[in-house]
1. For the range 42-109, with the dipole built from +1 on Lys and Arg beta-carbon atoms and -1 on Asp and Glu ones, taken about the Cα centre, which of LEU47, ASN105, SER76 lies farthest toward the positive end?
2. Expected output is a single nm value to one decimal: the length gained when fully extending between LEU54 and LYS219, i.e. 0.36 nm times separation in residues minus the C-alpha distance. What is it?
3. Residue by residue through the range 50-67, which ³J(HN,Hα) values in whole Hz follow from phi under the Karplus form 6.51 cos²θ - 1.76 cosθ + 1.60 (θ = phi - 60°), with glycine and proline marked x?
4. Along Cα→Cβ, 7 Å out, is where each label goes; now give me the distance between the ones at ASN14 and ASN92 in nm to one decimal.
5. Roughly what would the spin-label model give for LYS204 and ARG104, points 7 Å off Cα along C-beta, in nm?
6. So if each residue of separation counts as 0.36 nm, and I subtract the Cα-Cα distance between ILE1 and LEU142, what length gain in nm does that give?
7. Using a basic spin-label model with each label point 7 Å from the Cα along Cα→Cβ, how many nm lie between LEU47 and LYS176?
Amino acid sequence: IFTRYLKQRQKRINELDMYIQKVSRRDYSINIEESSEDELNSLKNSLYKITVMLKEEAENKKIQNEAILSSVSDISHQLKTPLTSIQILLDNIIESKEMDIETRNKFLLVIVRQIKGMNFLILSLLKLSKLEAGIVEFENNLIDVNKLVKEVVNNLEVLAEVKQIDIIINLPNEVKIKGDYNWNKEAIQNIVKNAIEHSNENKKVIIIVEENNVYVSLKVIDE
């Protein structure tokens, strides 16, 4: 009887060893159904709990990586907008020999803003790599939404002029939120840019900001 007990125990120990090896190979598709309450089964149940935790972490990591790849692709796409605007402005400056100084300076200021926006996008790509490593930090400052939206409109002014689209802003007098200024600006800018790009010429893009006691909502409507 004792010999049989030892054989069964060794068999279960071997099963545990195989189980641990599978987990080390990231094979989490193993169930444990055991009715006994000895120390081996207790260990087996503990290993199973660890396996479930590792499986969840692996799935969350996969989702996070997919989101990061999507963001990288989106940022790469967003870089095309300021590049296009800069190209249009530079072509106008070069080709219009008799352009007045005021217009030329206005174009140069827009180019500077677009370059700053591109710089932020490039820094965002670096932040995403830090996000993947789990070391990114977002700011949590008080943001003036009016200033934020107006800066977004200024950055997209050239693109709107090319498509002959009027951007109309409907804002309360003062709206404040807490968050990261640059990341919120980039998110809103992407929404407005998409509205401009997907609207027909001679249309309007209306930006509406509404505030209540709980949250601030922003709507972008093309008419």
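1. LEU47
2. Length difference between fully extended and current span is 55.4 nm.
3. Coupling constants for the range 50-67: 5, 4, 4, 5, 5, 5, 4, 5, 5, 5, 5, 5, 5, 4, 5, 4, 5, 5 Hz.
4. 8.0
5. If labels sit at LYS204 and ARG104, their model points lie 3.7 nm apart.
6. 43.3 nm
7. With each label placed 7 Å out from Cα toward Cβ, I get 5.8 nm.
We did not get these values from a lab; they are worked out from the coordinates using the rules stated. Values in this document were obtained by computation on a predicted structure and should not be read as measured data. A quick note on method: Cβ atoms are made from the backbone with ideal geometry, for glycine too, and the neighbour counts reach across all protein chains shown.
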